[in-house]
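Below: one structure, written as structure tokens.
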Amino acid sequence: MNYNLLKGKRGIIFGALDENSIAWKVAERAFEEGAIFTLTNTPIALRKGDIYQLAEKCNSTVIAADVTDLTDLENLYQESMNILGGKFDFMLHSVGMSPNVRKGLPYDELNYEYLNKTLDISAISFHKILQTAKKLDVLNEWSSVIALSYIAAQRTLASYHDMAEAKAMLESIARSFGYHYGIAKKVRINTISQSPTKTTAGAGIEGFNSFYSYSDCMSPLGNASAADCANYCVVLFSDMTRMVTMQNLYHDGGFSSMGISEKLMSNCFTCKGDCK
Ligand SMILES: NC(=O)c1ccc[n+]([C@@H]2O[C@H](COP(=O)([O-])OP(=O)(O)OC[C@H]3O[C@@H](n4cnc5c(N)ncnc54)[C@H](O)[C@@H]3O)[C@@H](O)[C@H]2O)c1
């Protein structure tokens with residue numbers, strides 16, 4: 001169902017890699033709701049090629065940018081303004097990567113250069129996209145900016161690794177920058193803490209299938225899908241949520257409020273591990 005919630009709005013969507021990406025689903029929904037936007041990802045991700053299919057479907061243009069590179073970001077904003085014909089009303093930061101996870105290093109043997117990279121790509125880049133946007137004054141008043149987070153920012157989930165530190169910092173940046181940009185331009189900044197979702201980044205986490213089924217068993221509504229997350233993003237980009245800012249918003253079927261569920265007790269304490 002379409003509600004034209006984003007009619008006349010312009011934006012930038014970071015992080016669509018393939019059709020499983022959360023950003024991909026957000027782009028599809030934002031397009032259905034009447035938004036115009038550019039899509040961006042790293043040059044390597046663009047070489048994979050899938051994003052061009054999304055661009056065609058959404059009548060969008062793809063612009064390469066490494067989210068950690070300030071020059072790339074300035075260029076992305078200038079080009080996007082030329083293409084879209086004005087300043088932006090929304091941005092989605094749907095980006096994450098940990099070299100420590102990729103290399104399979106144990107958490108208590110972190111490589112600190114890799115940790116810096118994890119933090120730069122997965123958290124500080126959120127500050128970079130906001131600081132560059134503010135410097136170039138590319139966001140309209142009452143714009144909405146969202147980054148995607150995970151409950152490992154608050155709780156220890158074994159094997160989420162140094163991405164937990166990145167998500168904690170990401171959520172903190174939303175609060176801190178939400179204050180400064182709110183005062184300056186009434187820009188809203190939030191994070192969405194999403195259920196485990198079957199994507200390339202998700203599958204990179206060791207034991208992802210256990211995360212997925214545990215949280216599905218625990219949550220009264222089950223895990224929220226990428227398509228559900230896209231609906232939530234659209235509402236947060238829209239004028240229907242103008243006074244929501246500096247929040248970490250759980251989008252997880254109720255998982256974050258649970259201690260233990262009957263389903264988990266009956267499935268997992270008796271299944272001897274075969275539900276994983
Ligand atoms: N999949 C899950 O279970 C889950 C749960 C909660 C939150 N999230 C978060 O959602 C976001 C999107 O991840 P996803 O699950 O859709 O996976 P995904 O792999 O489809 O998306 C991650 C994206 O980050 C991009 N990226 C990596 N380094 C970059 C850089 N330097 N510059 C620009 N882009 C870069 C990748 O190319 C990719 O498009 C991430 O922040 C992730 O942590 C995912």
Check your understanding: For the range 40-184, what class follows from the C-alpha gyration tensor (a ≥ b ≥ c being the square roots of its eigenvalues): rounded when a/c is under 1.5, otherwise prolate if a/b is larger than b/c, else oblate?
Key -> oblate
Check your understanding: In whole Å, what is the distance between the alpha-carbon centres of the range 42-103 and the range 180-229?
Key -> 20 Å
Exercise for review: Would you mind estimating how fast the range 1-106 diffuses translationally, via Stokes-Einstein at 37 °C and 0.692 mPa s with the Kirkwood radius over Cα pairs, in µm²/s?
Suggested key: 230 µm²/s
Check your understanding: Of T200, T40, T118, which is the most mobile in a GNM of the chain whose springs link Cα atoms less than 10 angstrom apart?
Key -> T200
Check your understanding: Once the Cα atoms of the range 58-116 are picked out, what are the Rg and Dmax in Å?
Key -> 16.5, 49
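Once the Cβ-Cβ distance between D108 and N59 is put in as r, and R0 is 35 Å, what FRET efficiency do you end up with, to the nearest 0.05? Don't jump to the answer; show the numbers that get you there.
Numbers: r = 48 Å, r/R0 = 1.38.
After rounding, the FRET efficiency stands at 0.10.
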**Study point:** From the C-alpha gyration tensor of the range 81-157, square roots of 5λ in Å
**Key:** 32, 14, 10
Revision key, fill the gap. In debye to the nearest 20, the charge dipole size for the chain, taken about the Cα centre with +1 at each Lys and Arg Cβ and -1 at each Asp and Glu Cβ, equals 480 debye
Exercise for review: Can you tell me the alpha carbon radius of gyration of the range 135-276 divided by the globular rule-of-thumb value 2.2 N^0.38 Å?
Suggested key: 1.17
Check your understanding: For the chain, max minus min Cα coordinate along each principal axis, in Å, sorted largest first?
Key -> 59, 44, 38
Point to revise | Entries of K87/K167; K25/K186; K48/K117; K103/K186; K198/K263; K7/K128 with Cα pairs more than 31 Å apart | key: K103/K186
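FYI, it's all coordinate maths here, none of it is from the lab. This is a predicted model, so every value here is computed, not measured. All Cβ positions, glycine included, derive from the backbone under ideal geometry; neighbour counts span all protein chains shown.
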